[in-house]
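Notes to accompany the following structure.
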Amino acid sequence: MIIDSHAHIFPKKIAAKAADSIGQFYDIPMDNDGTLNQLLEKGTAAGIDRFLVHSVATTPKQVDSINHYIADKMAQHGDKLIGFAALHPESDSI
């Protein structure tokens, strides 16, 4: 079994912007659009069986929505996804 232990996914409405922002921050080109569908499609084609998915909470108010999004996608694709919760040091959710 091959597990991708570091994969980011974002809701469709912000995925492209988030992926582009990450690319700009690290000064590297982004080939993917940040969506779960593309991750599953390209990853499965590459022989990856499961994906540890997560996202970064850059503010405390993002923690709950990110974790709900990851949990929802895990419920839909439990055979492929392993969720990793987002945390923020100033969040009340910790």
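Just a few scattered comments:
- Carbon plus sulfur fraction of accessible area for the chain, probe 1.4 Å, in percent: 56 percent
- Choice from I70, I22, I82 with maximal GNM fluctuation in the chain (Cα, 10 Å cutoff): I22
- For the chain: accessible area per residue (Å², 1.4 Å): 68 Å²
- Spherically averaged projected area of the chain from its Cα convex hull (nm²): 6.3 nm²
- Checking every one of the trypsin sites (Lys or Arg not before Pro) in segment 19-94 against DSSP loop status and a limit of 10 other Cβ atoms within 10 Å picks out no site at all.
The values are calculated or read from the model by the stated rules, or taken from the named source; none is laboratory data. Treat the numbers as computed from the prediction; the structure is a model and nothing was measured. We place every Cβ from the backbone using ideal geometry, glycine too, and count neighbours over all the protein chains shown. SASA here: full protein model, heavy atoms, side chains in, ligands and nucleic acids out. Shrake-Rupley method; radii C 1.70, N 1.55, O 1.52, S 1.80 Å.
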